[in-house]
Amino acid sequence: MTATYESVTVEIKDHVAQVTLIGPGKGNAMGPAFWSELPEVFAALDADRDVRAIVLTGSGRNFSYGLDVAAMGGTMAPVLAEGAQARPRSEFHAEILRMQKATNAVADCRTPTIAAIHGWCIGGGVDLIAAVDIRYASADAKFSVREVKLAIVADMGSLARLPMILSDGHLRELVLTGKDIDAARAEKINLVNDVFDDAEACLAAAHATAAEIAANPPLTVEGVKDVLDQQRIDAVSASLRYVATWNAAFLASKDLMEGIGAMMGKRKPEFTGE
């Protein structure tokens, strides 16, 4: 691959590609470039016969802070306007579906994917790791499906894919509280496969597993992944369509404005249910 991207870097060596989140938002936050570029990146890697496994990680101290709220604010503005009618809601619905294509591109990739997670993995970061095949974490990793604290129903994949990764009780505790959990807890509830001492060891383990996969016959690996994926495709697709419609209808609220304002002002929100 010779293309350059604003949101990621891509390196390929010995049949393994490393996709590294680089922002440009703080903490590799997911702004406009991320949602536009990731489908292109994974389509190109999936079409490259020299790539037999993909490692996904973050640059700097964190995996990802998730959605870059400030950079993406314009996406929500029309539907948040007082008395927003059918047109802005319809356009917002289409935008949700477009953004979902970023995590779908990872989940639907025929090439096996492994996430190496260190530091914070919040919101959209969890959506992203829920789409990969294998998840490793460093001991300093922290996870949060924090959308509920902003008065948002997570709509980029966590609520669709985590039910096939976590038990129902652990999932509901995570997404209804919006709490932070550490790597040890993430491993206990099966959100991650293994925990390693630090980011370097975690990334090395991801590459070691990628190399093991890459050494196997490519078409057979593709077949195994395809058969496994068939078990969840219909359920995930239906869930993603449903949440997109739900948010187009109900996302706009006083609580959403309060949640975003509280986050920006670094204060405790006061929700009223309006």
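The values are calculated or read from the model by the stated rules, or taken from the named source; none is laboratory data. On a predicted model such as this, the values are computed, not experimentally measured, just so you know. As a convention, Cβ positions derive from the backbone with ideal geometry for all residues, glycine included, and neighbour counts pool all protein chains shown. The accessibility values were calculated without ligands, DNA or RNA, using every heavy atom of the protein model including side chains. Shrake-Rupley method; radii C 1.70, N 1.55, O 1.52, S 1.80 Å.
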The one condition Phe92 fails out of (1) more than 30 Å from Leu80 (Cα to Cα); (2) of a type outside the set (S, T, N, Q); (3) in contact (Cβ under 8 Å) with a residue 60 or more places away in the chain is (1)
Which residues, taken from segment 188-219, are open to solvent by 70 Å² or more (accessible area, probe 1.4 Å) and closer than 20 Å to Val132 by Cβ?
Lys188, Asn190, Asn193, Glu200, Glu212, Ala215, Asn216
Would you mind stating whether Ala141 is buried (at least 24 other Cβ atoms within 10 Å of the Cβ), in contact with a helix residue (DSSP H, G or I) (Cβ under 6 Å, 6 or more places away or on another chain), more than 19 Å from Thr245 (Cα to Cα) and not aromatic (Phe, Trp, Tyr)?
yes
Among the helices (runs of 4 or more DSSP H) confined wholly to segment 167-274, which include 3 or more residues that are touching a residue at least 40 places away in the same chain (Cβ under 8 Å) and under 23 Å from His118 (Cβ atoms)?
183-188, 199-214
Tell me which strands (runs of 3 or more DSSP E) are completely within segment 20-131 and hold 3 or more residues being open to solvent by less than 30 Å² (accessible area, probe 1.4 Å) and closer than 25 Å to Ala201 by Cβ, or say none if there are none.
53-58, 113-117
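How many residues are open to solvent by less than 50 Å² (accessible area, probe 1.4 Å) and in contact (Cβ under 8 Å) with a residue 40 or more places away in the chain when one looks only at segment 4-16?
Filtering segment 4-16 for residues open to solvent by less than 50 Å² (accessible area, probe 1.4 Å) gives 5, 7-8, 10, 16.
This time we only want the ones that are in contact (Cβ under 8 Å) with a residue 40 or more places away in the chain, so: 16.
The total comes to 1.
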Considering segment 235-262, residues that are open to solvent by 80 Å² or more (accessible area, probe 1.4 Å), farther than 16 Å from Leu97 by Cβ and of a type in the set (A, V, I, L, M, F, W, C), and then whichever is modelled with the lowest pLDDT, we arrive at Met257
Single condition Arg232 does not satisfy, out of (1) touching a helix residue (DSSP H, G or I) at 6+ places or on another chain (Cβ under 8 Å); (2) at pLDDT 95 or above
(2)
State yes or no: is Asp108 within 18 Å of the chain's Cα centre (by Cα) and among the acidic types (Asp, Glu)?
yes
Just one of (1) open to solvent by 60 Å² or more (accessible area, probe 1.4 Å); (2) over 26 Å from Ser36 (Cβ atoms) trips up Gly178, so point out which.
(1)
Using the structure shown, decide if Gly169 is surrounded by fewer than 21 Cβ atoms within 10 Å (Cβ to Cβ) and among the small types (Gly, Ala, Ser).
yes
Could you grab me the full set of residues in segment 146-166 that are charged (D, E, K, R), out of contact with any Lys or Arg (no Cβ under 8 Å at 6 or more places or on another chain) and either outside any helix (DSSP H, G or I) or buried (at least 21 other Cβ atoms within 10 Å of the Cβ) (or both)?
Arg146, Glu147, Asp155
